[in-house]
1. Exactly one of (1) farther than 16 Å from residue 20 by Cα; (2) touching a strand residue (DSSP E or B) at 6+ places or on another chain (Cβ under 6 Å); (3) surrounded by 14 or more Cβ atoms within 10 Å (Cβ to Cβ) is unmet by residue 52. Its number?
2. Tally time: how many residues in the range 92-108 are out of contact with any strand residue (DSSP E or B) (no Cβ under 8 Å at 6 or more places or on another chain) and within 15 Å of residue 28 (Cβ to Cβ)?
3. Tell me whether the range 66-74 contains one or more residues that are closer than 18 Å to residue 127 by Cα, touching a residue at least 60 places away in the same chain (Cβ under 8 Å), surrounded by 13 or more Cβ atoms within 10 Å (Cβ to Cβ) and out of contact with any strand residue (DSSP E or B) (no Cβ under 6 Å at 6 or more places or on another chain).
4. Quick check on the range 13-29: of everything there that is touching a helix residue (DSSP H, G or I) at 6+ places or on another chain (Cβ under 8 Å) and surrounded by fewer than 22 Cβ atoms within 10 Å (Cβ to Cβ), which residue is nearest to residue 74 (Cα to Cα)?
5. What are the residues in the range 115-127 that are surrounded by 16 or more Cβ atoms within 10 Å (Cβ to Cβ) and in a strand (DSSP E or B), if any?
6. Among the residues in the range 109-117, are any modelled with pLDDT of 95 or more and over 20 Å from residue 26 (Cα atoms)?
7. In the range 75-85, which residue that is more than 18 Å from residue 16 (Cα to Cα) and surrounded by 14 or more Cβ atoms within 10 Å (Cβ to Cβ) is nearest to the chain's Cα centre (by Cα)?
8. Give the range 86-114 a look and list any residue that's within 12 Å of residue 5 (Cα to Cα), in contact (Cβ under 8 Å) with a residue 40 or more places away in the chain and either assigned to a strand (DSSP E or B) or under 13 Å from the mean Cα position of the chain (by Cα) (or both), or say none.
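The values are calculated or read from the model by the stated rules, or taken from the named source; none is laboratory data. Keep in mind that this is a model prediction, so the values were computed, not measured. Heads up, the Cβs are rebuilt from the backbone with ideal geometry, glycines too, and the neighbour counts pull from every protein chain shown.
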């Protein structure tokens, strides 16, 4: 049986509808070997910038659209398992819902996971 997850990426945490929703069919749990650990490492290492310079900054993304495209590339290594869904979709038998959005600093990101079995939430990355 698969552990499904949704990953909502927001341009701003105050937005009602995410920029993108990613559906992960397998290994959606937040613990070791799950997508939560992968997201955590990727979010911690990422920096959001406004414009790119001639001297590339490691792990820099030119806004949240660029970050989202890079995240999908990072997660997708073969057909199946990772899909782009309608922004804000739910009801796909997901066990976990991840939220990624800019932190107050805007150059860093926050990552929150919600367990749909008990509606508990945990802040995985504070930005």
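1. Result: residue 52 passes all but (3).
2. Our first condition is that a residue be out of contact with any strand residue (DSSP E or B) (no Cβ under 8 Å at 6 or more places or on another chain); within the range 92-108, this holds for 93, 104-105.
After this cut, where a residue has to be within 15 Å of residue 28 (Cβ to Cβ) as well, the list is 93.
The number of residues fulfilling the criteria is 1.
3. Yes.
4. Here is the first cut: in the range 13-29, the residues touching a helix residue (DSSP H, G or I) at 6+ places or on another chain (Cβ under 8 Å) are 19-20, 22, 24, 27-29.
Okay, now just the ones that are also surrounded by fewer than 22 Cβ atoms within 10 Å (Cβ to Cβ), so 19, 27, 29.
On the way: 19: 18, 27: 15, 29: 17 Å.
Result: 27.
5. Those that are surrounded by 16 or more Cβ atoms within 10 Å (Cβ to Cβ) and in a strand (DSSP E or B): 124, 125.
6. Yes, the range 109-117 contains at least one residue that is modelled with pLDDT of 95 or more and over 20 Å from residue 26 (Cα atoms).
7. 75
8. Within the range 86-114, 96, 97, 98, 99, 113 meet the criteria.
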